[in-house]
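Chemist: First the structure, which I've put down as structure tokens, then a few questions once you've had a look.
What follows draws every value from the coordinates through simple rules; no lab data is involved. In this text the structure is predicted, and so the values were computed from the model without any measurement. Every residue, glycine among them, receives a Cβ derived from its backbone with ideal geometry; neighbour counts consider all protein chains shown.
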Ligand code: LFR
């Protein structure tokens, strides 16, 4: 929600919804609870533990003026050598440089850690999400003292790290819901939880965690901190069990979500639009989904048509044509990222797993199979929730290996490439 020009999260609304949800648990008893959210965003606490300001949304533009200051203190090359993170203007380290409260705050808590603190009174920094801040060393798995000091941040700002599966306190009695329930640290970055629930049956797979963002890449055991990886803007985020998510962010279904919002349509209208889009000829016009024009909230269709006009392509007119342009462009983005992930990491890819809400988008799944020339397995849609619960179940000794269980129990859909991927070769060059 925007107020006086700043885009904020309604964090207390989210917290209230969590408490309401807990109050409705059938039977009024839980063995464990785990918190995950999106990455990079945070709240700052004062000495008495109070929230110092309302958390700002990563789509706010406050970092635009500070990125060069940060890079003057630590070069992008040195940053990548230490944190292995793709450059995204909203990475926590840039947000802190734009945040006047960072100098006086006592503690920084990432969103899931903040919720967990309110629920339990205990503070910590869960590793999978800490790895998205830019302040974390991808190779050692600890906060990077070098980066923290170079940026003039106080090391005490950052809480002690914890890993998925670690105990994270108990629900405080004064919340009035399920007092004493144990809280377990999970892959608190939603993408970490989603990838933990990929139903892969062998090592040579790629994944696309497809929702508001498309997170496309491979899972590795060690970070790849090469110049070529930095040039391709690949990230090394920490996963559950110390795995590495070697991936790139692609703008994702945000392009559709914001288009629907502009047209005053809801997600219930999407199936009919996708059916109509399936009848529009393929690859007539494509956009670079990652162009910064598409990042802020607001009228998406006019930004898409402006892009097509600027690049001399047919301008999509109807909603179905715009949806087709978006879905083709996302499939192309998936193809480009996965080819690079394989080339840069040396991992051959035999199958692509699409998980998250976008795995229910049959047109996007089929076009991703066509564009990559690889079989696609789609599902589960609730991968993040399943990965979160899976880590808790394992911490309780209820299971040892989540992926085979997901593969055996979740409905999955399979897509095979419908034809040669040659039309996509030409289209990729149009993305620049
Ligand atoms: C997905 C996600 C991405 C992260 C973006 C911003 O929900 O967590 O992994 O890059 O949101 O936090």
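Chemist: Return an integer: the convex hull volume of the alpha-carbon atoms of the chain, in Å³ per residue.
Modeler: 146 Å³
Chemist: Mind checking the alpha-carbon convex hull of the stretch 2-184 and giving the volume per residue in Å³?
Modeler: Dividing the Cα hull volume of the stretch 2-184 by its residues yields 116 Å³.
Chemist: Can you tell me how much longer the chain between residue 25 and residue 291 gets when fully stretched, taken as 0.36 nm per residue apart minus their C-alpha distance, in nm with one decimal?
Modeler: Length gained between residue 25 and residue 291: 91.5 nm.
Chemist: When 2, 154 are ordered from fewest to most other Cβ atoms inside 10 Å of their Cβ, what list results?
Modeler: Taking fewest neighbouring Cβ atoms as first place, the list is 2, 154.
Chemist: Evaluate E = 1/(1 + (r/R0)^6) for residue 398 and residue 311, where r is the Cβ-Cβ distance and R0 equals 56 Å; express this FRET efficiency to the nearest 0.05.
Modeler: 0.60
Chemist: Let me ask you something else. So what does log10 I(q)/I(0) come out to for the stretch 190-432 at q = 0.07, 0.09, 0.17 Å⁻¹, using the Debye formula with one equal point on every Cα and no solvent?
Modeler: Here log10 of I(q) over I(0) equals -0.22, -0.37, -1.27.
Chemist: Going by the alpha-carbon gyration tensor, a ≥ b ≥ c the square roots of its eigenvalues, is the stretch 318-385 rounded (a/c under 1.5) or, if a/c is not under 1.5, prolate (a/b greater than b/c) versus oblate?
Modeler: oblate
Chemist: To check you understand DSSP bridge types, tell me what percent of the beta bridges within the chain (both residues inside) are antiparallel, rounded to 5.
Modeler: In the chain, DSSP labels about 70 percent of beta bridges as antiparallel.
Chemist: A further question follows. From the Cα gyration tensor of the stretch 75-140, with a ≥ b ≥ c the square roots of its eigenvalues, which class applies: rounded if a/c is under 1.5, or else prolate if a/b is larger than b/c, or else oblate?
Modeler: In terms of gyration-tensor shape, oblate.
Chemist: Counting only C-alpha contacts under 8 Å and six or more residues apart, can you give the relative contact order of the chain as a whole percent?
Modeler: 16 percent
Chemist: For the stretch 78-132, what does the relative contact order come out to in percent, with C-alpha contacts under 8 Å and a separation of six or more?
Modeler: Across the stretch 78-132, relative contact order equals 32 percent.
Chemist: Could you list 259, 302, 221, 193 so that the one with the fewest beta carbons within 10 Å of its beta carbon is first and the one with the most is last?
Modeler: 221, 302, 259, 193
Chemist: What distance in nm separates the two pseudo spin-label positions at residue 350 and residue 241, each 7 Å out from Cα along the beta-carbon direction?
Modeler: The modelled label-to-label distance comes out at 1.8 nm.
Chemist: In nanometres, what is the gap between the two model label sites at residue 222 and residue 284, each 7 Å from Cα along Cα-to-Cβ?
Modeler: The two pseudo-label positions are separated by 5.0 nm.
Chemist: Still on this structure, please answer the following. Using alpha-carbon pairs under 8 Å, 6+ residues apart, how would you state the relative contact order of the stretch 55-203 in percent?
Modeler: 23 percent
Chemist: Express in whole angstrom the spacing between the alpha-carbon centres of the stretch 282-300 and the stretch 364-432.
Modeler: Spelled out, the Cα-based centre of one part sits 23 Å from the other.
Chemist: I've got another one for you. With a Förster radius of 51 Å, plug the Cβ-Cβ distance of residue 15 and residue 429 into 1/(1 + (r/R0)^6) and report the FRET value to the nearest 0.05.
Modeler: It comes out at approximately 0.60.
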